[in-house]
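Here is the structure we will look at.
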Amino acid sequence: MVRAGRDQQKAAAEQAVHGGGGVFVAGAHLGAAVRAAAEDHVMVITSDPGDMRTAAEGRRADIVPL
């Protein structure tokens with residue numbers, strides 16, 4: 001049951017990022033990970049920097065385009 005709770009929390013976070021910002025699903029998944037990261041500052045290397053800026057909103061993140 002613990003796993004189901006974590007999966008539901010992750011799904012809710014991903015939906016919040018995906019639904020609110022108009023980013024692709026992959027960007028929403030990565031955005032949820034960025035928002036959940038314990039570190040105060042993260043770096044993301046991506047082929048879609050626009051989506052990642054949207055998905056990482058509110059976090060200190062360096063977005064590096066491929």
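Checking each residue in region 45-66 for being of a type in the set (Val, Ile, Thr) and surrounded by 14 or more Cβ atoms within 10 Å (Cβ to Cβ) picks out Thr46, Thr54, Ile63.
Residues in region 22-43 that are part of a helix (DSSP H, G or I) and either more than 12 Å from Gly58 (Cβ to Cβ) or not β-branched (Val, Ile, Thr) (or both): Val25, Ala26, Gly27, Ala28, His29, Leu30, Gly31, Ala32, Ala33, Arg35, Ala36. For Ala33, the criteria (1) out of contact with any Phe, Trp or Tyr (no Cβ under 9 Å at 6 or more places or on another chain); (2) modelled with pLDDT under 75 hold in every case but one, which is (2).
The values are calculated or read from the model by the stated rules, or taken from the named source; none is laboratory data. All values derive from a computational prediction rather than experimental measurement. Neighbour counts run over all protein chains shown; Cβ positions are idealised from the backbone, glycine included.
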